[in-house]
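Single-structure report; data block below.
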Amino acid sequence: MSSTAITAQRSSLKIATAQGSPLTITAITKANPAVVTATNTFVGGEIIQIDAVGGMVETNGRAYVVAVPTGTNFQLKGVDSTSYTTYVSGGTATPQTMTTVGNIKDFDIQPDKPAEIDVTNLASTRKEFRIGLAGSWTMTSTMDIDSSDTGQAELTKAQNDGLSRVLTVALSNGKMFAGVGYILQFNAKGSPEAVVAGTLSVRGTGQPTWFA
């Protein structure tokens with residue numbers, strides 16, 4: 001039987017370096033995948049961020065991959081909104097200009113574990129727990145430093161301004177992770193017989209889109 005393993009070679013890390021004009025959302029379906037209504041000019045595979053939606057608040061502050069765009073709607077690739085709150089009104093979809101971060105050597109994306117809430121009481125015969133809010137995500141990566149690389153320059157800028165950025169990781173099979181996060185650390189380390197190496201640490205916020 002042939003292997004279905006995905007090679008990490010040819011994967012890429014990208015960071016948003018600019019934003020386009022936001023489009024106004026007029027509807028989002030409760031479906032798998034979710035379908036957004038907006039007079040749009042998006043293309044398939046484009047990365048957007050949705051904010052300010054009324055009702056279906058689960059969609060806010062998140063990054064998405066556009067799929068099957070038409071003149072009136074598009075899908076949020078890999079997003080099942082059937083259990084989300086019903087859409088009421090408003091919202092914006094803002095296209096992101098994504099720039100490749102050069103010289104990436106590896107990446108490690110980790111979902112946070114939800115909090116464990118201890119509800120043990122005197123009547124308990126064993127420890128009892130409830131699960132708290134679902135966690136977000138973190139990512140680390142290493143790379144060779146290139147002072148002329150636009151993607152690496154944006155990492156430094158994001159670390160300095162403290163503002164969130166959309167980040168994506170595209171795998172060799174075309175599947176894509178997309179999330180909103182803060183650059184906690186982007187440092188450089190060198191030694192006499194090695195290139196200057198950088199380490200990246202990202203704290204994600206909210207729910208990401210996992211390899212849609």
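Residues in the stretch 83-102 that are of a type in the set (A, V, I, L, M, F, W, C) and in a loop (DSSP other than H, G, I, E, B) were compared, and the one that is farthest from Asn32 (Cα to Cα) is Val101.
Taken over the stretch 1-41, the criterion of being surrounded by fewer than 19 Cβ atoms within 10 Å (Cβ to Cβ), within 18 Å of Leu171 (Cβ to Cβ) and touching a residue at least 12 places away in the same chain (Cβ under 8 Å) is satisfied by Ile6, Thr7, Ala8, Gln9, Arg10, Ser11, Ser12. Scan Gly44, Gly78, Gly71 and give me the residue that is touching a residue at least 60 places away in the same chain (Cβ under 8 Å) and out of contact with any helix residue (DSSP H, G or I) (no Cβ under 8 Å at 6 or more places or on another chain). Being touching a residue at least 60 places away in the same chain (Cβ under 8 Å) and out of contact with any helix residue (DSSP H, G or I) (no Cβ under 8 Å at 6 or more places or on another chain) holds for just one of Gly44, Gly78, Gly71, which is Gly78.
Applying the set (1) closer than 30 Å to Thr59 by Cβ; (2) part of a strand (DSSP E or B); (3) of a type in the set (Asp, Glu) to Glu154 leaves exactly one unmet item: (2). Between Asp108, Asp80, the distinction of being at pLDDT 95 or above, in a strand (DSSP E or B) and acidic (Asp, Glu) belongs to Asp108 only.
The values are calculated or read from the model by the stated rules, or taken from the named source; none is laboratory data. These numbers were taken from a predicted model, which means no experiment stands behind them. Counting neighbours? That spans all protein chains shown, and the Cβs are built from the backbone with ideal geometry, glycine included.
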